[in-house]
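The values are calculated or read from the model by the stated rules, or taken from the named source; none is laboratory data. Here the structure is a predicted model, which means the values were calculated and not measured. Here Cβ is always computed from backbone atoms with ideal geometry, including for glycine, and neighbour counts include all displayed protein chains.
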Amino acid sequence: MPLSCSIDRFDMKCRSRKKNFTGVFLKLLEKIKTKVKRLKDELISIYYAYQHPEITLLPRIIILFTLGYALSPIDFIPDFIPILGYVDDLLILPLLILLSIKLIPDEIMEESREKAVNQPLILKKNWVFATVFILIWIAVLMSIVLYYLNLKNPGFLEGVFHAFKQILSETHTKYLGHIGKMLNWKLYFSINNL
């Protein structure tokens, strides 16, 4: 009887520790989500700062990338991938937003925040970045397939590259001939019109 009692007590302690850990983890996750939500609210301010004429080239590029990444309907790391799927929502995007805010001068950021409060707008999804992410995933999948096929047949990639090079060279000479004729034709008419 005492042995079963000690096992039951141990089991109760383990369960209470699991509940405490789960509760702490969920509270931490909620805090992170609220901070990320506050940062995402800064996107409109960043958009207005991007339009400001005093912003230099580097912050413009970072802001453009941040806005494109945030407004892309497709995540770079899809959410269905366990754990990693939420890395972009909880880590990458907030870091990009913070970097954008740090690169914007304080006066311009304050003006942009006031403008975002006074003139709120809804930013639409951007399919350009989604297309870029799709192309990256296609390239990754194709490289995996080509790597696997090259393992099965060691000369496979060399054959693919040779065929691709031959197609490009034939297309290149064919279209360059047409382009050359068009350029000569335009040059002929521009000289005769002088």
Subject >> Residue under evaluation Leu39, criteria (1) among the hydrophobic types (A, V, I, L, M, F, W, C); (2) surrounded by fewer than 16 Cβ atoms within 10 Å (Cβ to Cβ); (3) more than 29 Å from Val140 (Cα to Cα), criterion not met >> reply: (2)
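Among the residues of segment 69-87, is any within 21 Å of Asp106 (Cβ to Cβ), surrounded by 15 or more Cβ atoms within 10 Å (Cβ to Cβ), out of contact with any strand residue (DSSP E or B) (no Cβ under 7 Å at 6 or more places or on another chain) and touching a residue at least 60 places away in the same chain (Cβ under 8 Å)? Lay out the reasoning, then the answer.
The first filter runs over segment 69-87 and keeps only residues within 21 Å of Asp106 (Cβ to Cβ), leaving none.
The answer is no, given that none of the residues of segment 69-87 is within 21 Å of Asp106 (Cβ to Cβ), surrounded by 15 or more Cβ atoms within 10 Å (Cβ to Cβ), out of contact with any strand residue (DSSP E or B) (no Cβ under 7 Å at 6 or more places or on another chain) and touching a residue at least 60 places away in the same chain (Cβ under 8 Å).
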Subject >> Pairs where the first residue, in segment 15-44, is modelled with pLDDT of 80 or more and the second is of a type in the set (Gly, Ala, Ser) and assigned to a helix (DSSP H, G or I), C-beta under 8 Å, 6+ apart >> reply: Leu43/Ala70; Ile44/Ala116
Subject >> Top-ranked residue of segment 104-135 - restricted to ones that are under 19 Å from Ile62 (Cβ atoms) and of a type in the set (A, V, I, L, M), ranked as farthest from the chain's Cα centre (by Cα) >> reply: Ile108
**OP:** Output the residues belonging to segment 124-177 that are basic (Lys, Arg), at pLDDT below 80 and under 30 Å from Pro73 (Cα atoms).
**Re:** none
**OP:** Output yes when any residue across segment 6-14 is of a type in the set (Phe, Trp, Tyr), under 22 Å from Trp137 (Cα atoms), assigned to a helix (DSSP H, G or I) and modelled with pLDDT under 80, and no when none is.
**Re:** no
Original post:
Just one of Pro78, Pro59, Pro73 is within 23 Å of the chain's Cα centre (by Cα) and closer than 24 Å to Lys31 by Cα; which is it?
Top reply: Pro78
